[in-house]
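Chemist: This structure is in structure tokens; I'll ask about it shortly.
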DNA sequence: TTACACATACCGACTGGTTAGTCTGGCCCG
DNA sequence: CGGGCCAGACTAACCAGTCGGTATGTGTAA
């Protein structure tokens, strides 16, 4: 058996990714040396450059993983067979819970975009846009059917909500008074109340 | 006369700060070398280390400048002789306009906090907390007097709004369809609508 | 008014340290 | 016994901050 796993049973690539995620979130991308990552994962540089092309690749993988998960979840909520306000509320609350559950990923996402190589940056932006557009479509559907106010452009609504999601990694602390679900309910309520006609 | 100015008449320290602000926003703090900054300002390292103690000092100065301006403006709006909903709306809209007018500063603010030395970081956090608390006091005043809904804790309201302000540096482009004032009006309206009882 | 001392403003080569990525070689499983 | 998997020394480049030096202005005393 190839020794892609160690005593703990987790495959080396995943150990590297987990170590990198934690360190990037704690110290920032540039402040984290490749040496630190491999030490935290219990391997050496040889292993890292066997599985990943560059330090940059590691960062890109964090983005890809997060975008994949969020897009899948959004699609599921948006496609549900419910009134549009219920679908939007569910999607808006879910992204809050998911973001809190992966606060490290979120921290890295919004703080380290500019550290990606130009091509990877472009790719991430494109996927992100796809995500936003799906969300915006929900808002527009509600506006067209008169369920939501049309006072504010749907684009702005989306940026408004994702601003607050983005901001979570700055202020949310697990030891704080609110559970992820409570925060999600509050933020979704705020969105829906702002959208009342 | 000491030659603290050059052909363009701007004093050297301010030229350095302006160059650093632009470069930090464009490339990030760690990716910007001291050499680049001094070249952009048309001086050399000797000049930089004559006026500033470290690269870190330069970053801290950006933060201090921004916090000073925002706090002054908030205080002015909060102290005005008007109903609380008008005061909150004015303050909420003003911070949006000011942030858009200094998008580089805002970008650096939210992206580079963790690059500050621990003491400076602590200091910035303290000033920022003071700012938030002043804003929160406005929300609480409105909630106590029944002008705003009490469904959501005031803390969360503040983070909700500043999330969207924070996010501006990610999506707002001067060449886009909305003027800073229009964006500010929309975001302030969203906040006030979410607060309707 | 001149001359000398001192301070401020700045220059730019240099140093000590760090880093991403490479490469050769060896281990071990099938 | 061969190739996927990995070790770890090595390289080439870069960077923050230092330091001795120069130039220009200001105060002071003969």
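Computed from the coordinates by the stated procedures, all read-outs in this text should not be read as laboratory data. From a predicted model like this one, the values you see are computed outputs, not experimental measurements. Positions of Cβ are generated from backbone atoms using ideal geometry, with glycine treated the same way; all protein chains shown enter the neighbour counts.
Chemist: Please find, in a Gaussian network model of chain A (springs between Cα atoms separated by less than 10 Å), the residue of A:149, A:112, A:54 whose mean-square fluctuation is greatest.
Modeler: Highest fluctuation among the options: A:54.
Chemist: Next question. Calculate the mean, over all residues of peptide A:187-194, of how many other protein chain Cβ atoms lie within 10 angstrom of the residue's Cβ. If you can, show how the numbers build up before the last one.
Modeler: Working: counts 6, 0, 5, 12, 3, 1, 8, 10.
Per-residue shielding by partner chains comes out at 6.
Chemist: Among A:100, A:37, which comes first, then next, by fewest other beta-carbon atoms within 10 Å?
Modeler: Numbers: A:100 20, A:37 24.
Listed from fewest to most nearby Cβ atoms, that is A:100, A:37.
Chemist: With the label 7 angstrom out along Cα to Cβ, how close does residue A:76 come to the same site in each of the other copies, in nm, nearest first?
Modeler: When each copy's label point is compared with this one, the spacings are 5.0 nm.
Chemist: Let me make sure I get this right: for the range B:86-197, a, b and c are the square roots of the gyration tensor eigenvalues over alpha carbons, sorted descending. Under 1.5 in a/c it's rounded, otherwise prolate if a/b > b/c, else oblate. Which is it? Walk me through the intermediate numbers first.
Modeler: Values: a/c = 2.50, a/b = 1.20, b/c = 2.08.
Oblate.
Chemist: Between rounded, prolate and oblate, where does the range A:12-51 land on the alpha carbon gyration tensor, with a ≥ b ≥ c its root eigenvalues, rounded for a/c under 1.5, else prolate if a/b exceeds b/c?
Modeler: prolate
Chemist: Please give the helix A:55-78 orientation as an angle from the longest Cα principal axis of chain A, in degrees from 0 to 90, rounded to the nearest 10.
Modeler: 30 degrees
Chemist: OK, next. Treating chain A as a set of equal point scatterers at the Cα positions, no solvent, please give the Debye-formula log₁₀ I(q)/I(0) at q = 0.08, 0.10, 0.12, 0.16 Å⁻¹.
Modeler: Reported log10 I(q)/I(0), two decimals: -0.33, -0.49, -0.68, -1.03.
Chemist: Cut-off 10 angstrom, C-alpha nodes, Gaussian network model of chain B. Which of B:126, B:20, B:78 fluctuates the most?
Modeler: B:126
Chemist: A further question follows. Relative to the longest principal axis of chain A, what angle (0 to 90°, nearest 10) does the C-alpha long axis of helix A:154-171 take?
Modeler: Rounded to the nearest ten degrees, it is 40.
Chemist: Hey, another quick one. How much length is gained on full extension from residue B:50 to residue B:171, taking 0.36 nm per residue of separation minus their Cα-Cα distance?
Modeler: This chain segment gains 39.8 nm when fully extended.
Chemist: Quick one: compute the contact order of chain B, relative version, from alpha carbon pairs under 8 angstrom and 6+ residues apart, as a percent.
Modeler: 24 percent.
Chemist: Next question. Let a ≥ b ≥ c be the square roots of the eigenvalues of the Cα gyration tensor of the range B:78-152; is it rounded (a/c under 1.5), or, if not, prolate (a/b larger than b/c) or oblate?
Modeler: prolate
Chemist: Within 10 Å of each Cβ of B:108-115, how many other protein chain Cβ atoms are there on average?
Modeler: 3
Chemist: Work out the mean other chain Cβ neighbour count within 10 Å for the residues of A:156-169 and drop it here as an integer.
Modeler: The shielding value for this peptide is 6.
Chemist: In addition: What percent do you get for the relative contact order of the range B:12-51 when only Cα pairs under 8 Å and 6+ apart count?
Modeler: It comes to 47 percent, rounded to a whole number.
Chemist: Here's something else I'd like to know. Output, in nm with one decimal and in ascending order, the distances from the residue A:64 label point to the matching label points of the other copies (7 Å from Cα along Cα-to-Cβ).
Modeler: Here residue A:64 shows inter-copy label distances of 4.5 nm.
Chemist: In the protein assembly as shown, what is the volume of the convex hull around the alpha carbon atoms, normalised per residue and reported in Å³?
Modeler: 173 Å³
Chemist: I'd like the distance between the alpha-carbon centres of the range A:43-107 and the range A:130-197, rounded to an integer number of Å.
Modeler: 17 Å
Chemist: Then there's this: Along Cα-to-Cβ, 7 Å out, sits the label point; list in nm, shortest first, how far the one on residue B:114 is from those in the other copies.
Modeler: Computed spacing set for this position: 1.5 nm.
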